[in-house]
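Right, one structure below, let's go through it.
We did not get these values from a lab; they are worked out from the coordinates using the rules stated. The structure displayed is predicted, hence computed values, not measured ones. Here the Cβ is made from the backbone with ideal geometry for all residues, glycine too, and neighbour counts use every protein chain on show.
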């Protein structure tokens, strides 16, 4: 019986050792599970923060997209206005080209001497009748003071005064009798 007791004690001690090892393994497993749970909670918090940040970014992107769509609509409207304005300008340019051609034809075919001058009285353009009447070609007259070309020196001051008044927008109507007398004399 002592042998049986000894065997039973031995078996009991072995079982107790095994049970002690299992308890230690369970404690270690519990610590590992607790650590894993804490890590999972931390990862969950991080994921929640990232999710919140992502949602915020999505809202910002939606707002930006709405702004871009509004801006695109404004640009489309502005583009339509520009196209309409461009069409008007093209029509005005075409009309201006026709009117300029008509003015050029009238300027050149007039039976009167015509000169165009700037506000300082410098010749910009003359027609053929001007060339015939005064003897200056268009190139010779261009850039010269009109009064120096057509007024005799004795009447230069009066001619310059008339030119100045015309440049201000006043009308000048006169018959140049003294010039005619000088040409005849």
Which of the helices (runs of 4 or more DSSP H) contained wholly in the range 107-162 include at least 2 residues that are under 47 Å from the mean Cα position of the chain (by Cα)? 138-141
Residues of the range 155-176 satisfying the condition of being farther than 11 Å from residue 121 by Cα and touching a helix residue (DSSP H, G or I) at 6+ places or on another chain (Cβ under 8 Å): 155, 156, 172, 174
Please verify whether the range 52-69 includes one or more residues that are over 38 Å from the mean Cα position of the chain (by Cα) and in a helix (DSSP H, G or I). yes
Say whether the condition of being in a helix (DSSP H, G or I) and surrounded by 12 or more Cβ atoms within 10 Å (Cβ to Cβ) is met by at least one residue in the range 169-179. yes
Select from the range 137-149 the residues that are touching a strand residue (DSSP E or B) at 6+ places or on another chain (Cβ under 7 Å) and free of Cβ contacts under 8 Å to residues at least 24 places away in the same chain and write down the one among them that is farthest from residue 162 (Cα to Cα). 138
Among the candidates 103, 75, residue that is in a helix (DSSP H, G or I) and within 25 Å of residue 145 (Cα to Cα): 103
